[in-house]
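Undergrad: A single structure is presented below for examination.
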């Protein structure tokens, strides 16, 4: 994990006109619907003017040029801390800001950049980028970037044509290569879709603190989704609105636990015992056995009992 500390002096580095620039914004060209009967006009020539809704005030142009010359003297970005105002998607709010750090390596032949930012709508971003910008006598530039985004107000409905509106959730980058998973399931107020979109590795197992997730292995209708609404008949499937153990298996998990009726919290599988035991070479049956405090109770375990990851390397 990378932690970046921003001293108060950073605020002194950023000129006041940059703050004003962000407050008022820079007007971008705006596309308007065109009359189909209007004749075609060439807007690509040097005389074409595309000022958008409002023309850009001249003081903004001067402020941008002044900021660029102060922060990037000599034509190259300076090493050290810098304010990060980008790497956000459209709709994240009128401003986003955070700290960034850049450093040239290998005699200025490589550049490492890391930054993070939060937007007005609380979208979050963190990224790291490594570049080799001067290969083949400055004719070739290669690089790699990893980026994390948490975009809470972007609707996500799932993948493909089979996704349904009931599966809408706050946007998250789906996890890949999952081998073990534990959660509160549908008891989590932020969980609004049946399937998590995980890429389950062969041998992956899961458990969750849900009272009735093992109540049935029948397939719900496509429009049904999980929740905590016990009063509306349309929110129930087989008498409960809660998530289903079978859905994890359908999505690709190899082993899963569940409960046919209220198990009470003390007698649910304890992930702090199940997952480490499984990772360290215990088979599926042994791992769940170590994590369930009571036998012949409301618990079920589904999967090949001898399935094992083997000893970790």
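The values are calculated or read from the model by the stated rules, or taken from the named source; none is laboratory data. Note that the coordinates shown come from a computational prediction; the quantities given were computed from them, not determined experimentally. Positions of Cβ are backbone-derived with ideal geometry, glycine not excepted, and every protein chain shown enters the neighbour counts.
Undergrad: Would you be able to tell me the number of residues in region 179-192 that are touching a strand residue (DSSP E or B) at 6+ places or on another chain (Cβ under 6 Å), at pLDDT 85 or above and either within 18 Å of residue 238 (Cα to Cα) or surrounded by fewer than 18 Cβ atoms within 10 Å (Cβ to Cβ) (or both)?
TA: So the count comes out to 3.
Undergrad: How many residues are closer than 19 Å to residue 268 by Cβ and either in contact with a helix residue (DSSP H, G or I) (Cβ under 6 Å, 6 or more places away or on another chain) or assigned to a loop (DSSP other than H, G, I, E, B) (or both) when one looks only at region 176-188? Spell out the reasoning first.
TA: Going through region 176-188, the residues closer than 19 Å to residue 268 by Cβ turn out to be 180-188.
Next, only the ones that are either in contact with a helix residue (DSSP H, G or I) (Cβ under 6 Å, 6 or more places away or on another chain) or assigned to a loop (DSSP other than H, G, I, E, B) (or both) stay: 180, 182, 184, 188.
Number of matching residues: 4.
Undergrad: Taking the options 283, 213, name whichever one is surrounded by 14 or more Cβ atoms within 10 Å (Cβ to Cβ), at pLDDT 95 or above and out of contact with any helix residue (DSSP H, G or I) (no Cβ under 8 Å at 6 or more places or on another chain). Break it down into steps so the answer makes sense when it comes.
TA: Values: 213 fails: out of contact with any helix residue (DSSP H, G or I) (no Cβ under 8 Å at 6 or more places or on another chain).
After applying the criteria, what remains is 283.
Undergrad: Taking the criterion of being within 20 Å of the chain's Cα centre (by Cα) and within 17 Å of residue 151 (Cβ to Cβ), would at least one residue in region 128-139 satisfy it?
TA: Going through region 128-139, the residues within 20 Å of the chain's Cα centre (by Cα) turn out to be 128-129.
Checking the rest, the ones that are also within 17 Å of residue 151 (Cβ to Cβ) come to none.
No, region 128-139 has no match at all.
Undergrad: How many residues does region 278-301 contain that are part of a loop (DSSP other than H, G, I, E, B) and farther than 16 Å from residue 267 by Cα?
TA: If we filter region 278-301 for residues that are part of a loop (DSSP other than H, G, I, E, B), which is where we start, we get 280-283, 292-298.
Checking the rest, the ones that are also farther than 16 Å from residue 267 by Cα come to 280-283.
Qualifying residue count, region 278-301: 4.
Undergrad: Can you work out which of the residues in region 226-246 that are part of a helix (DSSP H, G or I) and modelled with pLDDT of 95 or more is surrounded by the most Cβ atoms within 10 Å (Cβ to Cβ)? Quick ask: steps written out before the conclusion?
TA: Step one: list which residues in region 226-246 are part of a helix (DSSP H, G or I), which gives 233-235, 245-246.
Among the residues that remain, those that are also modelled with pLDDT of 95 or more are: 245-246.
Numbers: 245: 27, 246: 19.
Only one residue tops the list, namely 245.
Undergrad: Let me ask you something else. Mind telling me which of the residues 105, 60, 111, 122 ends up being modelled with pLDDT of 65 or more and surrounded by 16 or more Cβ atoms within 10 Å (Cβ to Cβ)? Outline the logic, then answer.
TA: On the way: 105 fails: surrounded by 16 or more Cβ atoms within 10 Å (Cβ to Cβ); 60 fails: modelled with pLDDT of 65 or more; 122 fails: surrounded by 16 or more Cβ atoms within 10 Å (Cβ to Cβ).
Criteria check complete, one pass: 111.
Undergrad: Turning to a different aspect of this structure: Only one of these is modelled with pLDDT of 90 or more and either surrounded by 12 or more Cβ atoms within 10 Å (Cβ to Cβ) or touching a helix residue (DSSP H, G or I) at 6+ places or on another chain (Cβ under 7 Å) (or both): 204, 166. Name it.
TA: 204
Undergrad: Okay, moving on. Can you find a residue in region 249-260 that is under 19 Å from residue 188 (Cα atoms), in contact (Cβ under 8 Å) with a residue 12 or more places away in the chain, surrounded by fewer than 19 Cβ atoms within 10 Å (Cβ to Cβ) and over 27 Å from the mean Cα position of the chain (by Cα)? Break it down into steps so the answer makes sense when it comes.
TA: Going through region 249-260, the residues under 19 Å from residue 188 (Cα atoms) turn out to be 256-259.
With the extra rule that they be in contact (Cβ under 8 Å) with a residue 12 or more places away in the chain, the set shrinks to 256-259.
Cutting the leftovers down to surrounded by fewer than 19 Cβ atoms within 10 Å (Cβ to Cβ) gives us none.
The answer is no; no qualifying residue exists.
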